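Okay, so here's the structure we're looking at.
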Amino acid sequence: MKAAILVKQKKPLVIADIDLPNKLEYGQVKVKVVYSGICGSQIGEIDGVKGEDPFLPHLLGHEAGAVVEEIGPGVCHVQPGDHVVLHWLPGKGIQSATPCYQWQGRQVNAGWVTTFNEYAIVSENRMTKIDDTIDLQVAALYGCAITTGFGSVINDACLRLGESIAIFGVGGVGLSAILAAKLSSANPIIAIDNQDHKLEKAKSFGATHLINNADENPESVIKQLLPQGVDVCIDNTGVDYVREQAYRLCSTTGRTVLVGVPKHVGEEMCINSLQLHFGKKLIGSHGGGVNPTYHIPRFIALQEQGLFDPKQMISHCFKLDDINQAIAALRHGEVTRCSIDMGH
């Protein structure tokens with residue numbers, strides 16, 4: 001099968017044919033990946049933002065729409081033919097051993113889920129069954145972007161009716177946070193980004209105010225709009241001066257949620273922590289605190305009621321052979337969310 005392999009950090013992925021394991025172990029499921037998503041986490045892995053990678057070469061990707069091909073011993077929550085969302089957070093089912101693939105006589109490592117490959121051996125608890133009427137390109141968004149964005153708003157920030165919210169960085173996760181804020185009747189909903197095309201998309205998703213931070217200072221604009229500060233600020237950038245800005249703009253009892261992951265070294269957030277003793281909150285998000293088994297069906301039900309159209313989030317679609325081009329487009333801010341069509 002064809003796969004995109006991270007062979008060396010800070011280098012393009014290698015597209016090659018690799019061999020699947022001969023048999024499935026306890027709790028493992030073989031799936032056909034139909035569409036994969038790409039997010040900033042994969043760029044972080046490629047760039048080594050968390051430090052040296054001891055598992056090279058290895059596969060990447062953690063969100064996809066897929067079809068179950070075969071189940072291993074002990075698996076009981078999915079069957080061959082089921083359509084599933086692949087996700088990185090654990091849900092219901094067995095957490096299996098991680099698989100090892102072979103490439104030119106070398107072992108290729110993988111985690112409990114990978115999606116930059118035509119077929120994958122995935123742990124049972126990294127997939128959630130969905131109805132086969134759901135578009136698998138859209139299903140991939142529920143593996144990370146939608147769940148993280150929604151979770152950051154409803155679980156981490158506990159946004160309440162009528163509260164104000166500012167969202168820094170409006171790619172796939174940020175747009176999902178805007179959707180969740182709109183569904184929660186937040187007001188105002190402020191979107192901050194340095195790309196006009198993303199801000200226009202944010203407006204269509206429910207943002208009431210748009211700030212291009214390449215052209216104007218968000219602090220000046222937001223302080224005029226909300227002199228007492230914002231109830232909730234969510235940072236998706238992982239950039240420390242932006243995270244510091246989000247914290248400063250929160251009200252004295254506001255909540256700042258840090259979704260974006262900073263670099264392993266060279267980035268240190270500096271804040272005045274005094275207000276944390278008097279009601280202000282600084283929250284580190286881990287995937288929005290989502291339980292995929294519980295949340296994914298409920299979020300999909302909102303989509304099926306016509307409350308939002310997640311497909312509008314996908315601005316580009318690439319073939320697996322062009323995945324390095326897709327990664328470059330994501331780096332340069334040219335996409336809101338892109339998908340990889342495995343071409344089955």
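Data table
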{"read-out": "Options 283, 323, 296: the member that is over 30 Å from residue 52 (Cβ atoms), surrounded by 15 or more Cβ atoms within 10 Å (Cβ to Cβ) and of a type in the set (Val, Ile, Thr)", "value": "296"}
{"read-out": "Filtered residues of region 300-313 (kept if more than 18 Å from residue 185 (Cβ to Cβ) and either touching an Asp or Glu at 6+ places or on another chain (Cβ under 8 Å) or assigned to a helix (DSSP H, G or I) (or both))", "value": "300, 301, 303, 304, 310, 311, 312, 313"}
{"read-out": "Some residue of region 137-146 being farther than 11 Å from residue 86 by Cβ, over 19 Å from the mean Cα position of the chain (by Cα) and surrounded by fewer than 24 Cβ atoms within 10 Å (Cβ to Cβ)", "value": "no"}
{"read-out": "When residues of region 242-279 are limited to those that are hydroxyl-bearing (Ser, Thr, Tyr) and crowded, with 19+ Cβ neighbours inside 10 Å, the one farthest from residue 149 (Cα to Cα)", "value": "251"}
{"read-out": "Scope region 217-239; condition surrounded by fewer than 17 Cβ atoms within 10 Å (Cβ to Cβ) and touching a Lys or Arg at 6+ places or on another chain (Cβ under 9 Å); matching residues", "value": "219"}
{"read-out": "Filter result (touching a Lys or Arg at 6+ places or on another chain (Cβ under 7 Å), free of Cβ contacts under 8 Å to residues at least 60 places away in the same chain and among the small types (Gly, Ala, Ser)) within region 163-215", "value": "206"}
{"read-out": "When residues of region 108-153 are limited to those that are outside any helix (DSSP H, G or I) and among the polar types (S, T, N, Q), the one farthest from residue 186 (Cα to Cα)", "value": "109"}
{"read-out": "Positions within region 316-344 being basic (Lys, Arg) and modelled with pLDDT under 95, in sequence order", "value": "331, 337"}
{"read-out": "Residue count for region 183-207, restricted to those that are surrounded by fewer than 19 Cβ atoms within 10 Å (Cβ to Cβ) and closer than 18 Å to residue 256 by Cα", "value": "2"}
{"read-out": "Residues located in region 102-122, provided they are crowded, with 24+ Cβ neighbours inside 10 Å and out of contact with any Cys (no Cβ under 8 Å at 6 or more places or on another chain)", "value": "113, 114, 115, 116, 117, 120, 121, 122"}
{"read-out": "Hits in region 38-78 - residues which are in a helix (DSSP H, G or I) and in contact with a Cys (Cβ under 6 Å, 6 or more places away or on another chain)", "value": "none"}
{"read-out": "Filter result for residue 85 (assigned by TED's automatic domain parsing to the domain that holds residue 15, within 16 Å of the chain's Cα centre (by Cα), modelled with pLDDT of 95 or more and outside any loop (DSSP other than H, G, I, E, B))", "value": "yes"}
{"read-out": "Qualifying residue in region 58-66 (condition: surrounded by fewer than 20 Cβ atoms within 10 Å (Cβ to Cβ) and on the phi < 0 side of the Ramachandran plot)", "value": "no"}
{"read-out": "Pairs where the first residue, in region 223-234, is assigned to a helix (DSSP H, G or I) and the second is surrounded by 15 or more Cβ atoms within 10 Å (Cβ to Cβ), C-beta under 9 Å, 6+ apart", "value": "223/229; 223/249; 225/164; 225/188; 225/190; 225/209"}
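Each row is one residue, and each column tells you yes or no for (1) assigned to a loop (DSSP other than H, G, I, E, B); (2) without any contact (Cβ under 8 Å) to a residue 12 or more places away in the chain; (3) over 29 Å from residue 242 (Cα atoms).
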site	(1), (2), (3)
267	yes, no, no
275	no, no, no
293	no, no, yes
298	no, yes, yes
315	no, no, no
318	no, no, yes
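The values are calculated or read from the model by the stated rules, or taken from the named source; none is laboratory data. Keep in mind the model is a prediction, meaning the values are calculated, not measured. Glycine also receives a Cβ, built like all others from the backbone with ideal geometry; neighbour counts cover every protein chain displayed.
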